[in-house]
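Here's the structure we're looking at; comments come further down.
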Amino acid sequence: MIRTMARVMAEPIFLMCSERSGSNLITRMFDSHSQYRAPPAVHLLRILGESLVRYGDLRSPRNWAILVDDCIALFDAKIGIWTIGTTEVERLAAKTAPGSLGSLVLSLYRAEADAAGKESFFVKENQIYGFAPVILESCPTARFIYLVRDPRDMALSWLEAASLRGGPVRAATVWAADQSGFLTLCSQIAATRHVARLTYESLIGAAALALERVCATLDIAFEPDTLAFHRTESVVANANEAVDWRNTSRPLMTNNSGKYRTGLRRDQVAFIEATCGELMGMFGYEASLERAEDLPMLTARLTAEEPFEKAAYQTIPAAERERRKQWQAVVARIRSRTHA
C-alpha cells in the first residue's frame, strides 16, 4: 500500500548515475513532483568544475568574469528547455559574489525552481564524484539519489544511442569508473547526508514502491503523480528536443531489462563482466559467463571495432546535430584554456 508522507521542506537533490542508466527517467519523474523542478542537464558543474584550475583564483574579478562568460555560453548552448533564459542567467551572475562556482550554478537552479513555482530543485550531472566538494560546500542541505543499472543493459543502450561515441568497451569502462567513484563518495558522506539508493530494474519493475522508498530516505513526500511523468508539459516539450529523450514522453517501459541477452554478442558480454564483475556483485548483478581467459586480447579486439561516430548519428535531425556541435565547441574552448 502506498503511503503518502506529510509535506516537509524540500531540500535540493543531486543524482549519482551513469549515462544510459535511467538518469533521464528519474529526472523527469522528479520534475513531476509538486515540490521539485528538475530541468534537463546542462552539466555546468561538471564542465566548469573539472576545469577550475584553468581559471585560477576565482576571487579575482578578471578570473571570475571569464568563468561567468563560460557559464553563460554553456547555458546558451544547452539542448534542453529551461524556464529561465539567458537574460536571467546574466542577471543572477552579476549578483553572485566572485569566488564560488557552486553558488553561481545553484543560484540558476533556485531561480529555475522559482520560475516553475517549485520549492526546490533536482540536479542531474554526470560524474558528480569529480566535483562533489563544490556541491557539499555550496549546498549544506544537499541530498542524493544513487541510481545504478546492470552494466550489460547499460552498454547495450550506449551502443544503440546514436549520439554517444563508442560501444561496450567504452560503456563498461565508464560504468566501472562511475560506480567506484559513486561508492567512494557515498562512504564519505554517509554519516552526514541523506543518500537514497536504488537500481534501474527496481525503478521500472515496481516504480511506486521504489520511489516511495527513495522519498522516505530523503524525508520528502511521495507523490503518485510522479508516475505520470510522461504527461507533464515540460517533459513532453523536452522529449522533442533530443532523440535520446523521446522515451521519456512515453509510459514507463516495465520490461526494459535483460535485453543484453539478445542484443549483445557473447564476447561483448564477457568483456563487460570481466571489467565490471566485482562491482556488479555489490549490486546483485550475477555474471552469466565464465571469466574471459585472455582479457587483454579481448579488449584489444573489441576496442578496434568500437565506433567513434556511429552511422546512426546522421539520422539525428540536423537542428539537433547543430546544437550538439555548438555545445561541443563551447566545451572544447573551456577545456583548451591554459592554466591561470
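Couple of notes before you dig in:
- Computed from the Cβ-Cβ distance with R0 of 35 Å, the FRET efficiency linking Arg265 to Ser187 stands at 0.50.
- Debye-sum result for region 7-128 in log10 I(q)/I(0), which assumes one identical scatterer on each alpha carbon, at q = 0.12, 0.18, 0.22 Å⁻¹: -0.44, -0.96, -1.33
- The phi torsions of region 226-236, fed into the Karplus equation with coefficients 6.51, -1.76 and 1.60 and a -60° offset, translate into couplings of 5, 6, 9, 3, 5, 9, 6, 4, 5, 5, 4 Hz, rounded to whole numbers, with Gly and Pro shown as x.
- Computed over region 40-126, relative contact order equals 39 percent, with contacts defined as Cα pairs under 8 Å that lie 6+ residues apart.
- If R0 is taken as 25 Å, the Cβ-Cβ distance between Glu137 and Thr338 corresponds to a FRET efficiency of 0.45.
- Across region 160-169, rounded Karplus estimates of 3J(HN,Hα) from the backbone phi angles (6.51 cos²θ - 1.76 cosθ + 1.60, θ = phi - 60°) give 7, 7, 4, 7, 9, 7, x, x, x, 5 Hz, Gly and Pro being marked x.
- Computed label-point distance, nm, for sites Leu289 and Arg250 using a 7 Å Cα→Cβ extension: 2.8
- Whole-angstrom gap from region 55-92 to region 154-173, using each part's C-alpha centre: 31
- Residues listed by number, region 260-282, amide nitrogen under 11 Å from Ala300 label point at 7 Å toward C-beta: none
- Under 25 Å, Cα to Cα: Lys pairs in the chain, sequence gap 8 or more or different chains: 10
- Neighbour counts of other Cβ atoms within 10 Å put Lys124, Lys259, Lys310 in the fewest-to-most order Lys259, Lys310, Lys124.
- For Phe222, distant residues with modelled amide H under 5 Å away: Met5
- Working from label points 7 Å from Cα in the Cα-to-Cβ sense, the Ala208 to Ala94 distance is 5.0 nm.
- Length-normalised contact order for the chain - Cα pairs under 8 Å, 6+ apart - percent: 27
- Difference of contour (0.36 nm per residue) and Cα-Cα distance, Met282 to Glu50: 80.7 nm
- Note, ³J(HN,Hα) from phi for region 173-186, Karplus 6.51, -1.76, 1.60, rounded to Hz, x at Gly and Pro: 5, 5, 4, 5, 5, 5, 5, 4, x, 5, 5, 4, 4, 4
- A cut-off of 5 Å between modelled amide H atoms, ignoring neighbours fewer than 5 places along the same chain, links Tyr146 with Met16, Ala196, Arg197, Leu198.
- Residue of Asn24, Asn256, Asn238 that the Gaussian network model of the chain assigns the largest fluctuation, springs spanning Cα pairs under 10 Å: Asn256
- Packing-based order for 108-116, 149-157, using average beta carbon neighbours within 10 Å, highest first: 149-157, 108-116
- Cα gyration tensor of region 13-310 - equivalent ellipsoid semi-axes, whole Å, descending: 32, 23, 19
- Using the Cα coordinates of region 269-340, the gyration tensor eigenvalues translate into equivalent-ellipsoid semi-axes of 35, 18, 15 Å, sorted from longest to shortest.
No lab work stands behind these numbers, since they all come straight from the coordinates. All values derive from a computational prediction rather than experimental measurement. A quick note on method: Cβ atoms are made from the backbone with ideal geometry, for glycine too, and the neighbour counts reach across all protein chains shown.
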